[in-house]
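FYI, it's all coordinate maths here, none of it is from the lab. Source: prediction; values computed, not measured. Glycine also receives a Cβ, built like all others from the backbone with ideal geometry; neighbour counts cover every protein chain displayed.
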Amino acid sequence: MKVLLAVVKRLHRPAVCYSTRRALSSSAGSGGLLAAEETDTAVVVASSQELLQRIGSQVEVRTGFISEKEEEAFLREVELGLKKKRYQFDHWDDAIHGYRETERLSWGAECEEVLTRVRSTAFAEGSPLLGPVHVLDLDKTGYIKPHIDSVKFCGTTIAGLSLLSDSIMRLVKENSSSEWLDMLLPRRSLYILRDQARYDFTHEILKDEESVFNGQKVPRQRRIAIICRNLPG
Ligand code: OGA
Ligand code: MN
């Protein structure tokens with residue numbers, strides 16, 4: 001019996017996938033530290049190896065995609081506009097709880113440079129993009145419920161930078177809740193969702209109380225996402 005249980009347990013152990021860290025360019029970190037940071041970190045766990053193989057190439061987390069200085073540049077640009085708004089908590093039909101948001105079409109040089117990097121990383125060359133960049137500010141108690149982005153307004157790919165906090169994005173197959181995939185989104189990382197991962201799975205950002213990745217608590221602080229999308233084909 002014990003043996004059988006052990007086997008069952010092993011079978012149900014989620015499949016784990018490791019990120020390939022991209023070395024930060026010039027401005028960030030000194031050589032030694034960076035090398036230490038470059039050890040592999042698990043960023044995706046899935047309900048099965050099979051799912052990871054099927055969907056793994058359509059989700060991506062690039063840790064350390066922006067430097068602390070670049071994060072500060074984004075905060076400087078968005079904080080004033082956000083502060084004028086109040087967090088929304090009580091719209092029961094909203095997909096998002098405890099948030100405020102804005103859109104921005106034009107950015108200062110430093111942010112624009114990062115956004116160019118995001119676009120060239122996430123989108124195929126020539127793919128028409130949604131003009132304004134979406135800025136979503138989640139309060140410490142805020143979270144995003146499972147949803148699929150409107151297919152009317154956005155295309156195959158969603159790419160987001162995470163500022164201020166680590167968080168967990170959970171993908172769950174529509175009409176098949178046993179198929180799931182958790183993505184650890186460290187502060188200053190870039191995530192990308194494409195194709196089936198974007199169309200056939202809901203995505204959500206877990207609330208602090210539920211923010212556990214592969215058995216490890218990931219405290220959720222206030223988090224700002226800078227999100228780029230392409231247009232429907
Ligand atoms: C959304 C969304 C994810 C994020 O705004 O539709 O899913 O990273 N945001 O905040
Ligand atoms: Mn969404």
> Taking the highest mean first, how do the peptides 170-180, 88-98 order by number of other beta carbon atoms within 10 angstrom per residue?
Replying inline: 170-180, 88-98
> Using θ = phi - 60° and the Karplus curve 6.51 cos²θ - 1.76 cosθ + 1.60, what whole-Hz ³J(HN,Hα) does each residue of region 222-232 get, with Gly and Pro shown as x?
Replying inline: 3, 9, 10, 10, 10, 10, 10, 9, 9, 8, x
> In Å, what is the Rg of the alpha-carbon atoms in region 148-216, and how long is Dmax?
Replying inline: 12.4, 37
>> If you take every residue apart from residue 209 with its C-beta less than 12 Å away from the C-beta of residue 209, what net charge results, scoring Lys and Arg +1 and Asp and Glu -1?
In response: +2
> If the label point is 7 Å along Cα→Cβ of residue 127, which residues in region 194-219 have backbone nitrogen under 20 Å from it?
Replying inline: 194-204
> Near residue 168, within a Cβ-to-Cβ distance under 15 Å, what is the net charge of the other residues, with Lys and Arg +1 and Asp and Glu -1?
Replying inline: +2
> Which residues' amide hydrogens lie under 5 Å from the amide hydrogen of residue 188, considering only partners 5 or more residues apart or on another chain, with H built in the peptide plane?
Replying inline: 162, 163, 164, 165
>> Expected output is a single nm value to one decimal: the length gained when fully extending between residue 176 and residue 116, i.e. 0.36 nm times separation in residues minus the C-alpha distance. What is it?
In response: 18.0 nm
> Taking residue 217 as the anchor, which aspartates and glutamates have their alpha carbon closer than 14 Å to its alpha carbon, excluding any fewer than eight residues away along the same chain?
Replying inline: 166, 182, 208, 209
> How big is the shadow of the Cα convex hull of region 84-230, averaged over all directions, in nm²?
Replying inline: 9.3
> Using a basic spin-label model with each label point 7 Å from the Cα along Cα→Cβ, how many nm lie between residue 94 and residue 75?
Replying inline: 2.3
>> Quick check on region 104-153: what are the equivalent-ellipsoid semi-axes from the Cα gyration tensor, as sqrt(5λ), descending, whole Å?
In response: 23, 17, 10
